[in-house]
Amino acid sequence: MAKFNPAIPLERELGKQIYQALQGSVVETILKTAQDGTSDDYWRSHMEGHCMKVDKDILPEFHALCQEVKDKLEFKEEVDFYVTGDSSLNAFSVAAEAEGQPHIVNVNSAMFDLMSQDELRFVISHELGHIINKDSALKRLIYFVFPPDAVNPPITLQYKIRLHDQLAELVADRYGYIANRNLNACVTAFFKMASGLDLGKMNVSIDALLADNRKRLDYFLNDKGLSLYGHPVNPIRVQAINLFATARKKKELEEGMDELISILLKVGNSPMDEDLSVFIATAGLIVADADGKITDKEVEHIIQNLANLQIFPKQFLDVMLKADISQLFDQSVKNLLAVNPGLRETLLEYMIGLVLSDQEITSDEVNLIFAFGSGIGFSEKEVSLKFAAMIQQHYTPSLDSIC
């Protein structure tokens, strides 16, 4: 096998978090009882009826290549390989849902016109990597609880699902290299699928491709580019597989991956995102503690607002708790208003919203709001009007105060 384990710890941790958040063990038990059939029936019928199965008597060379890849990955479960007549450069895998059914790996016919044998090995082993990593089972659970185009998960869960999907692709790429051991073929496979060009015929060298990739990666590392799709952008994938293949020590691999994952962790590319996150967290903690007690509702309010800017909002809030909250708060307000003075009202509204979030308004909290409003240039009258309007719109007395 490989010098390094193909698993990425953050991908595994996210998978567990998503599974637990969706009550996976309970929902899967219900599904097994409720469903008469499985998606295996659909996929099996489609592949058998519309595609060519890779049989050793019909496609002996490709069949041998597929079996060789399976052996290199030490994967013992049954897999049916298919070829679909399709001009798009794509391949996919479907993990068996029912026990005893073979998994499915499909390669579109266009791949055979453009890919070398080693590039095909990379593609096939990448798809097998998804099966080995059990990505399909988690995807089925997500799609059941949140059907596509019907129900959207909470924003924090959306971000975590996307990050997990991206990291799962990097894990599958590592399996692709393990069965191939030809780094150049892994890299050229990415570029061929991105461009649709036969790079050999166009005399494009691997050194030129890697040099170009480094330039494009710099764009993403320097807080400009975002990777907001189910698959990481190619500059990340190329560098990640390069690290996995060439790193001499585990620490070197981990440090390189941390840098790449930092791109995937970015939710937006506004220069104010970090200061706004710090303000939301520190302002929230200051207001929540104004009455001497931080309630669960106040913490939830802070995390919900942080979730629009941070994939791990609670972790970010925990970091703020260990810092100098007052200093970070003052600096974040200064930085934000220096960039956009028009944010004054938004900042004041957030502070007032925090006061209202626990359904209890104390005199200490009111004094704090007036002091903050004055500090950013509002008159006492303006703060009063804004406070009054938000009470009318958002305040509901707690049942504890009524009963």
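Would the range 1-85 count as rounded, prolate or oblate if I go by the C-alpha gyration tensor, calling it rounded below 1.5 in a/c and otherwise prolate when a/b exceeds b/c, oblate otherwise? Oblate shape, in that a/c is at least 1.5 and b/c is the bigger or equal ratio. Ordering TYR175, TYR219 from the fewest to the most neighbouring beta carbons within 10 Å gives TYR219, TYR175. Judged by the mean number of other Cβ atoms found within 10 Å, the most tightly packed of the peptides 333-340, 25-32 leads the ranking 333-340, 25-32. The mean sequence separation of alpha-carbon pairs under 8 Å and at least six residues apart, normalised by the residue count of the range 146-279, gives a relative contact order of 30 percent.
Here the Karplus relation 6.51 cos²θ - 1.76 cosθ + 1.60, evaluated at θ = phi - 60°, turns the backbone of the range 350-358 into coupling constants of 4, 4, 5, x, 5, 4, 7, 5, 9 Hz, with x for every Gly and Pro. Between 0 and 90 degrees, the angle of helix 325-339 with respect to the longest Cα principal axis of the chain falls at about 80 degrees.
All other residues whose Cβ lies under 14 angstrom from that of LYS53 are scored, Lys and Arg at +1 and Asp and Glu at -1, for a net of -3. Would you give the gap between the C-alpha center of the range 80-139 and the C-alpha center of the range 338-403, rounded to a whole Å? With the range 80-139 and the range 338-403 each reduced to a Cα centre, they are spaced 55 Å. Value of Rg to Rh for the range 9-264, rounded to two decimals, is 0.97; Kirkwood radius and Rg both from alpha-carbon coordinates. In terms of surrounding Cβ atoms within a 10 Å radius of their Cβ, CYS186, CYS51, CYS66 rank from fewest to most as CYS51, CYS66, CYS186. Using only Cα atoms, find the angle between the long axis of helix 206-221 and the longest principal axis of the chain, and express it within 0 to 90 degrees, rounded to the nearest 10. Compared with the principal axis, the helix lies near 20 degrees.
For the chain, the longest principal axis of the alpha carbon atoms and the long axis of helix 117-132 meet at an angle near 50°. Over the range 52-100, all Cα pairs binned in 10 Å intervals from 0 give whole-percent P(r) values of 21, 51, 28, 1, listed from short to long. Taking the inverse of the mean reciprocal distance over all distinct Cα pairs, the Kirkwood hydrodynamic radius of the range 273-402 comes to 14.9 Å. Taking all C-alpha pairs of the range 283-351, those more than 16 Å from each other amount to 54 percent. Cβ crowding within 10 Å, taken as a proxy for footprinting-reagent exposure, orders PHE220, PHE191 from fewest neighbours to most as PHE191, PHE220.
Any read-out appearing in this document is the output of simple, stated calculations on the displayed coordinates, not a laboratory observation. These figures come from a predicted structure and were not determined experimentally. In this analysis, Cβ positions are derived from the backbone assuming ideal geometry, glycine residues included, and neighbour counts consider all displayed protein chains.
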